[in-house]
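Trainee: Have a look at this one.
The values are calculated or read from the model by the stated rules, or taken from the named source; none is laboratory data. Predicted, not measured: the structure shown is a model, and the values here were computed from it. No Cβ is skipped: glycine too gets one built from the backbone with ideal geometry, and neighbour counts run over all protein chains shown.
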Amino acid sequence: MVWKPPQGIFEPMTNLRLIVNLGAGVDSLVGRDDLPRNIPITRITDPQMSRMMAGYVLFAVLRHARDIPFFEQAQRSGEWTYRHPRSPEEITVAVLGLGQLGAKAAHELQRQGFRTLGWSRSLAQIDGVACFSGMDTLDSVIGQADIVVLMLPLTPQTKQLFDRERLKKMRPGAAFINVARGSLVSQAALTDLLKSGHIGAATLDVFEREPLPVGDALWSMPNVLITPHLASVAIPATSAKQIAANILRVAAGELPDNIIDPLRGIKPRQSPCMEPQLQHTEGATGMGGPSP
């Protein structure tokens, strides 16, 4: 059982039969050259983590939708300033990454009445959510959104996906929420665009360097809310049951549930010989799995 294991840790483990990543995000394992061959790697997928993440995303979206940062600034200035509320139907939210966590968040947002767009690596289907897929649609999706929610996994393909040029494709004044991984985004470009006002506000739970260094410009920006990577965490009681069940499967000669591809960080495509064992992971590619 590992979380951000150091390089070379697996080499002396000659009897290793299973690697369990203690969380949904597996970016610390993706693409490593010290992973033992033919040893399954699994991650934690917990409905409670999905609910926790959806709650954080809903809070962050509502905070921007109801212009709470504007009123917080007015309070600090001692000003009684009115801004007329918008209805959820007037606000478009784009959820990027529709794995287990992203799909749950998108579902909750559409239930609140927001016009919800979803984007993923392969086309998803979520009731009430307009879903898109493929890189050729990404810029169009983010360009329609008043609020962009980033929930993609960090893989070699998604690292720095949100560079300066892509961030500039956002609608002027739109809000940006990142609950995925900091390295998906050029933090320097994000900071500049927040300063210029092209990105109106941000809620950031993850960063390129964690903890966020003292003195980083993001700390003092009035249009940024910072939280210390806590949007969703593994719940010990339910995680332990899932880990124990996978240990029993491996001991019985079966493949465990929630296997990830060590090269891509997402669920591997099924092959005929794997299909029976992998059927439980279908559609469960949440954060560190959410599908790019």
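Table: residues versus (1) more than 28 Å from Asp139 (Cα to Cα); (2) modelled with pLDDT under 95.
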{"residue": "Ala24", "(1), (2)": "no, yes"}
{"residue": "Asp27", "(1), (2)": "no, yes"}
{"residue": "Ala54", "(1), (2)": "no, no"}
{"residue": "Asp67", "(1), (2)": "no, no"}
{"residue": "Thr81", "(1), (2)": "yes, no"}
{"residue": "His84", "(1), (2)": "yes, no"}
{"residue": "Val95", "(1), (2)": "no, no"}
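Trainee: Take the conditions in the same structural domain as Gly97 (by TED's automatic domain parsing), free of Cβ contacts under 8 Å to residues at least 12 places away in the same chain, surrounded by fewer than 18 Cβ atoms within 10 Å (Cβ to Cβ) and within 27 Å of the chain's Cα centre (by Cα) and apply them to Phe70. Does it pass?
Mentor: no
Trainee: Also: Looking at the range 135-192 only, could you name the residues that are among the hydroxyl-bearing types (Ser, Thr, Tyr) and either buried (at least 18 other Cβ atoms within 10 Å of the Cβ) or over 17 Å from Arg121 (Cα atoms) (or both)?
Mentor: Passing the criteria: Thr155, Thr158, Ser183, Ser186, Thr191.
Trainee: Could you please give the count of residues in the range 207-245 that are outside any helix (DSSP H, G or I), surrounded by 13 or more Cβ atoms within 10 Å (Cβ to Cβ) and at pLDDT 95 or above?
Mentor: The qualifying residues number 13.
Trainee: Next question, about the same structure. Taking the condition of being surrounded by 12 or more Cβ atoms within 10 Å (Cβ to Cβ) and either without any contact (Cβ under 8 Å) to a residue 40 or more places away in the chain or not charged (D, E, K, R) (or both), how many residues in the range 246-260 meet it?
Mentor: The number of residues fulfilling the criteria is 10.
Trainee: Taking the conditions exactly as written (under 26 Å from Met170 (Cα atoms) and surrounded by 16 or more Cβ atoms within 10 Å (Cβ to Cβ)), does Ala24 satisfy them or not?
Mentor: no
Trainee: Shifting gears a bit: Please go through the range 196-206 and pick out each residue that is loosely packed, with under 13 Cβ neighbours inside 10 Å and either touching a residue at least 12 places away in the same chain (Cβ under 8 Å) or not assigned by TED's automatic domain parsing to the domain that holds Arg181 (or both).
Mentor: Gly197
Trainee: Something else about it: I want to confirm something. Restricting to the range 38-49 and keeping residues that are more than 14 Å from the chain's Cα centre (by Cα), outside any helix (DSSP H, G or I) and of a type in the set (S, T, N, Q), which single residue is surrounded by the most Cβ atoms within 10 Å (Cβ to Cβ)?
Mentor: Across the range 38-49, the extreme among qualifying residues is Thr42.
Trainee: Among the residues of the range 92-111, is there at least one that is within 20 Å of Val233 (Cα to Cα), surrounded by fewer than 19 Cβ atoms within 10 Å (Cβ to Cβ), out of contact with any Lys or Arg (no Cβ under 7 Å at 6 or more places or on another chain) and among the polar types (S, T, N, Q)?
Mentor: no
Residue-by-condition table, conditions (1) at negative phi; (2) part of a loop (DSSP other than H, G, I, E, B); (3) over 25 Å from the mean Cα position of the chain (by Cα):
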| residue | (1), (2), (3) |
| --- | --- |
| Lys4 | no, yes, no |
| Gln7 | yes, yes, no |
| Glu11 | yes, yes, yes |
| Pro36 | yes, yes, yes |
| Arg51 | yes, no, no |
| Val57 | yes, no, no |
| Leu62 | yes, no, no |
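Trainee: Sticking with this one: Residue by residue through the range 246-261, note down the ones that are out of contact with any strand residue (DSSP E or B) (no Cβ under 7 Å at 6 or more places or on another chain) and in a helix (DSSP H, G or I).
Mentor: Ile247, Leu248, Arg249, Val250, Ala251
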